[in-house]
Amino acid sequence: MDNTQLYTSIFKYHFDTLYNYGLKMTNDQELVKDCIQELFFRIWKNEIDLAQISYLKSYLIIGLRRQILNMLELKFYHVDKIKLEDHFLIEFSAEDYFIQNQFEEDQRNSVIHALNQLTIKQREAIYLRYFEELEYAEIAEVMNINLQSAKNNVHRGLGSLRELLTLSLLSVFLEKSLC
Amino acid sequence: MKTIKYEIVDFILNESFQRYVLNKNQEDITYWEEWLTENQEAATIFHEAKSLISFISARKTFPKHRSVSDEVFEKLLSQIEIEENNEENIPQRRSISPFWYVAASVIIMLGLSFFFNLSSLFYTGSLSSQNLEVIVPKGQRSQVLLPDGTQVWLNAGTIFKYPSNFLKNGREVFLEGEAFFKVTHNARMPFLVHIKNNLTIKVLGTEFNVKCYNDERSVETTLIKGSVVFSQTDKHNNVIKEVHLAPKEKVTYDKVIQNMTITKFEIPAPSSLAASTNSALTVVKTKTTDNEKVENSDQLEELTSWKDDALVFDDETFGDISIKMERWFGIPITIKDENLKQVRFTGKFVNKETVYQILDIINRSEPIQYTKKKNEIIISRHK
């Protein structure tokens with residue numbers, strides 16, 4: 001196990017990303033923890049050369065996503081896999097923003113509310129783009145869609161977001177954020 | 001000077017602007033900072049767009065989970081330690097590690113699930129291990145060789161799972177779809193096939209076919225050689241019903257009314273044999289009791305002929321046939337005419353005919369027309 005140090009640092013570096021993403025798929029914390037453990041166990045055991053992987057972060061997210069779907073499939077084994085994907089919980093919550101307290105609570109809530117109005121695909125694409133700062137190619141890979149759809153989901157999501165938020169609300173934002 | 005009216009959307013949808021706000025690219029940052037100094041009249045809208053994007057990407061506020069991370073990491077380390085000890089204790093392990101071959105295009109996933117979860121549904125035990133999962137998409141067929149030498153043929157649209165420690169803790173697999181098994185005999189270690197609806201097939205060494213698609217009403221198990229026990233259990237793993245199959249028998253389990261029917265395949269008596277030479281495709285079906293049927297033994301072969309790439313319709317409705325073809329060829333098929341769905345056909349295709357060749361042959365006995373729409377076939381009655 002020469003790679004122990006490498007695997008350890010990768011685990012520590014990406015754990016938060018994976019745990020947060022997992023909790024956006026299901027609110028079962030134990031399940032997410034088990035899935036992350038299994039993901040790394042598999043990488044470790046098979047000595048997968050992570051250096052050969054160009055987009056490590058999206059590689060790990062894809063692995064975790066599959067693992068969680070698998071677990072959910074076994075747990076609710078009568079539910080179709082496809083239907084499970086439709087019921088993704090990628091939702092934005094106030095906790096995601098708790099430090100940004102320069103915004104008033106109700107303003108924060110209206111943006112969160114607006115974000116949650118988007119389609120699940122748009123929400124996930126926006127989440128991956130802005131929370132995880134993935135490239136469009138990586139988003140496409142994670143969501144198993146093509147590059148153009150990845151871009152469209154982000155763009156349309158932002159477009160509808162703009163429409164959902166009134167200009168006046170944004171102006172209040174602006175004043176606060178410039179202070 | 002010309003004034004251009006900018007909209008906030010123009011900014012938030014601009015990829016370069018997005019990169020600038022996310023601090024990703026020096027070029028973009030320089031560009032937009034310069035742009036702002038030159039376009040002060042658009043400053044308000046510029047900042048609005050910027051604050052909206054930075055709000056969405058609330059990266060700095062991301063929850064940190066230091067203690068959870070440490071907890072999972074500790075567990076991971078002990079899992080690896082246990083695995084390494086196991087490998088040292090059983091030096092032979094590598095030589096019997098699962099090797100399996102599949103058609104190149106078949107998706108294989110190293111199932112990342114605990115067999116334990118599955119096990120709680122079927123049996124109680126503290127068995128915990130990874131699952132290996134073979135997914136055969138519609139339009140393809142595949143084969144798997146299990147570590148004990150058992151051969152499994154998988155039909156289109158099938159999910160087949162087995163634990164990575166198969167053989168170490170018994171021989172158990174999970175099936176959804178259709179498979180033909182040639183199980184290596186081992187009296188000390190029964191081979192179990194788990195199916196949804198709490199059904200299990202217990203085998204010692206034998207050849208049999210299992211058909212259990214989610215979208216079909218019944219589950220069918222056909223025994224060619226040897227003996228199997230087909231059983232249904234309740235939540236607590238107590239056997240409710242069980243059937244011992246003899247060779248050339250098929251059990252059909254109806255998921256809706258939860259009823260089992262046995263079909264025997266027999267070599268027809270000389271008189272009916274003569275009859276069948278006249279019309280080779282006519283099926284002789286005799287109902288002996290409510291739960292027992294007799295069929296011509298030719299039918300037996302046809303039930304498993306899919307593994308030799310033959311597509312067989314045995315007096316089936318066009319509706320059922322379209323579902324079968326959809327799975328076999330991996331292309332969605334829709335029949336627009338309700339009456340057409342009820343028309344019955346019998347036929348056997350062994351020459352790897354295309355979906356269109358088969359539809360053309362059907363067209364000879366029943367006037368149909370079909371249109372190819374983007375990855376879908378739509379069938380209607382020929383007018």
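Being of a type in the set (Lys, Arg) and part of a strand (DSSP E or B) is the filter here, so list the residues in segment B:210-254 that pass it. Outline the logic, then answer.
Of all residues in segment B:210-254, those of a type in the set (Lys, Arg) come to B:211, B:217, B:225, B:235, B:241, B:248, B:250.
Within segment B:210-254, B:211, B:225, B:241, B:250 qualify.
For segment B:296-313, which positions are closer than 11 Å to residue B:266 by Cβ and either in a helix (DSSP H, G or I) or at pLDDT 80 or above (or both)?
We begin by selecting, within segment B:296-313, every residue closer than 11 Å to residue B:266 by Cβ; these are B:296-300.
Answer for segment B:296-313, where residues must be closer than 11 Å to residue B:266 by Cβ and either in a helix (DSSP H, G or I) or at pLDDT 80 or above (or both): B:298, B:299, B:300.
If you go through segment B:338-354 one residue at a time, how many are open to solvent by 40 Å² or more (accessible area, probe 1.4 Å), without any contact (Cβ under 8 Å) to a residue 40 or more places away in the chain and outside any helix (DSSP H, G or I)?
Residues that pass the stated criteria total 3.
State all residues of segment B:56-76 that are modelled with pLDDT of 80 or more and either exposed (fewer than 14 other Cβ atoms within 10 Å of the Cβ) or among the hydroxyl-bearing types (Ser, Thr, Tyr) (or both); if no residue qualifies, say none. If you could, list the steps in order and put the result at the bottom.
Filtering segment B:56-76 for residues modelled with pLDDT of 80 or more gives B:67-76.
Answer for segment B:56-76, where residues must be modelled with pLDDT of 80 or more and either exposed (fewer than 14 other Cβ atoms within 10 Å of the Cβ) or among the hydroxyl-bearing types (Ser, Thr, Tyr) (or both): B:67, B:69, B:70, B:71, B:74.
Would you check if there is a residue in segment B:281-295 being open to solvent by 30 Å² or more (accessible area, probe 1.4 Å) and modelled with pLDDT of 80 or more?
The answer is no; no qualifying residue exists.
Which of the residues spanning segment A:111-166 are within 11 Å of chain B (Cβ to nearest Cβ), surrounded by fewer than 17 Cβ atoms within 10 Å (Cβ to Cβ) and hydroxyl-bearing (Ser, Thr, Tyr)?
The answer is A:160, and nothing else.
So, of the residues in segment B:5-26 that are more than 9 Å from chain A (Cβ to nearest Cβ), outside any helix (DSSP H, G or I) and touching a helix residue (DSSP H, G or I) at 6+ places or on another chain (Cβ under 8 Å), which turns out to be nearest to residue A:126 (Cα to Cα)?
Among residues in segment B:5-26 that are more than 9 Å from chain A (Cβ to nearest Cβ), outside any helix (DSSP H, G or I) and touching a helix residue (DSSP H, G or I) at 6+ places or on another chain (Cβ under 8 Å), the one nearest to residue A:126 (Cα to Cα) is B:23.
Conditions: (1) without any contact (Cβ under 8 Å) to a residue 12 or more places away in the chain; (2) surrounded by 14 or more Cβ atoms within 10 Å (Cβ to Cβ). Residue B:362 meets all but one. Number of the miss?
So the condition that residue B:362 fails would be (1).
I'm told residue B:156 meets every condition in (1) assigned to a strand (DSSP E or B); (2) within 15 Å of the chain's Cα centre (by Cα) except one. Can you identify the failing condition by its number?
Unmet for residue B:156, out of (1) assigned to a strand (DSSP E or B); (2) within 15 Å of the chain's Cα centre (by Cα): (1).
Test residue B:177 against the stated conditions and say whether it is buried (at least 18 other Cβ atoms within 10 Å of the Cβ) and of a type in the set (Gly, Ala, Ser).
Numbers: buried (at least 18 other Cβ atoms within 10 Å of the Cβ): yes; of a type in the set (Gly, Ala, Ser): yes.
The answer is yes for residue B:177.
Can residue B:149 be described as on the phi > 0 side of the Ramachandran plot and assigned to a strand (DSSP E or B)? Give the steps one after another, and end with the answer.
Details: on the phi > 0 side of the Ramachandran plot: yes; assigned to a strand (DSSP E or B): no.
It is false that residue B:149 is on the phi > 0 side of the Ramachandran plot and assigned to a strand (DSSP E or B).
For segment B:27-42, check the following and say yes or no: at least one residue is within 14 Å of chain A (Cβ to nearest Cβ) and among the polar types (S, T, N, Q).
Residues of segment B:27-42 within 14 Å of chain A (Cβ to nearest Cβ): B:28, B:36, B:42.
When the remaining residues are screened for being among the polar types (S, T, N, Q), the result is none.
No, that holds for no residue.
If I ask for residues that are of a type in the set (Val, Ile, Thr) and exposed (fewer than 15 other Cβ atoms within 10 Å of the Cβ), which ones from segment B:234-250 would you list? Talk me through it step by step, then tell me what you get.
In the first step, residues of segment B:234-250 are kept if they are of a type in the set (Val, Ile, Thr); the result is B:239-240, B:243.
B:239, B:240 - these are the residues of segment B:234-250 that are of a type in the set (Val, Ile, Thr) and exposed (fewer than 15 other Cβ atoms within 10 Å of the Cβ).
Quick one: which of B:357, B:369 is open to solvent by 70 Å² or more (accessible area, probe 1.4 Å) and assigned to a strand (DSSP E or B)?
B:369 is the lone residue from the list that is open to solvent by 70 Å² or more (accessible area, probe 1.4 Å) and assigned to a strand (DSSP E or B).
The values are calculated or read from the model by the stated rules, or taken from the named source; none is laboratory data. As the structure is a prediction and not an experimental result, all values here were calculated from the model. All Cβ positions, even for glycine, are placed from backbone atoms using ideal geometry, and neighbour counts span all protein chains on display. For accessibility, only protein heavy atoms count, side chains too; no ligands or nucleic acids. Shrake-Rupley method; radii C 1.70, N 1.55, O 1.52, S 1.80 Å.
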